[in-house]
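Following: one structure in structure tokens, then a few remarks.
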Amino acid sequence: MTNMTSINKQNGAALFVSLILLIVLTVIGLSSMQRSNMQERMAANTHVSNMAFNSAESAIGGFVLDANTGNRLDPMHILSQARSDGGLASQCYDQNGAWSDCDGTIYLDGDRSGSVVSRMQASVFDECNVLMCGGFSVGGSGSNLGCRIFQVDGAGDIGNSSASNSLWAYEVTVCVDKH
């Protein structure tokens, strides 16, 4: 008789304990989901930042490619334009590496479009430096050979993320005394 009384008193305890365990497991599951969502957003932001940086690098690479190909005396050549104007205003490159009209729209992943801007701007930092010419031997002071030094700035934008990078480019030139 005593055993039956203690069993009747414990009838609802198992249900109560299982409900508490279920609530604890639900809270742990929701917390894990929030953490997972946060990590996914962080990874997506890092990816977009890397794409913006690669876009800036691509613009600088476009300048280097254009500078090292073609007839440098042709008035349409990128270096000829930079020499005559003292630099280049903002130039944009498309996804194929060709100059574009700076609207910056490229289509990514087929039919999903995104706006990726890859801009480059170059300025002549020094018209003729006879002492510093990276990678070239120009004879030092007293020589009429020198280097035209360009500062090339690349900028990449995608969505709300932007990145920039710079490059120093050298062109061997004959220094003309402007006196």
Exercise for the section: List every residue pair whose Cβ atoms lie under 6 Å apart, where the two residues are 6 or more positions apart in sequence or sit on different chains, the first residue falls within the stretch 123-147 and is closer than 13 Å to A169 by Cβ and among the β-branched types (V, I, T), and the second residue, located anywhere, is surrounded by fewer than 15 Cβ atoms within 10 Å (Cβ to Cβ) and modelled with pLDDT of 80 or more. Expected result: V124/G86
Practice task
Residues being under 22 Å from V130 (Cβ atoms) and at pLDDT below 80: count how many of those fall in the stretch 151-179.
Solution key: 5
Problem - Candidates R83, R72 - the one that is outside any helix (DSSP H, G or I), of a type in the set (D, E, K, R), out of contact with any strand residue (DSSP E or B) (no Cβ under 6 Å at 6 or more places or on another chain) and within 17 Å of T173 (Cβ to Cβ) - result: R72
Problem - Yes/no for T69 being at pLDDT 85 or above, surrounded by fewer than 17 Cβ atoms within 10 Å (Cβ to Cβ) and among the β-branched types (V, I, T) - result: yes
Problem - Top-ranked residue in the stretch 9-60 [being of a type in the set (K, R) and within 36 Å of the chain's Cα centre (by Cα); ranked as farthest from S162 (Cα to Cα)] - result: R35
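The values are calculated or read from the model by the stated rules, or taken from the named source; none is laboratory data. What you see is a predicted model; the values in this text were computed from it and never measured. Every residue, glycine as well, gets a Cβ built from its backbone with ideal geometry; the counts of neighbours run over all protein chains shown.
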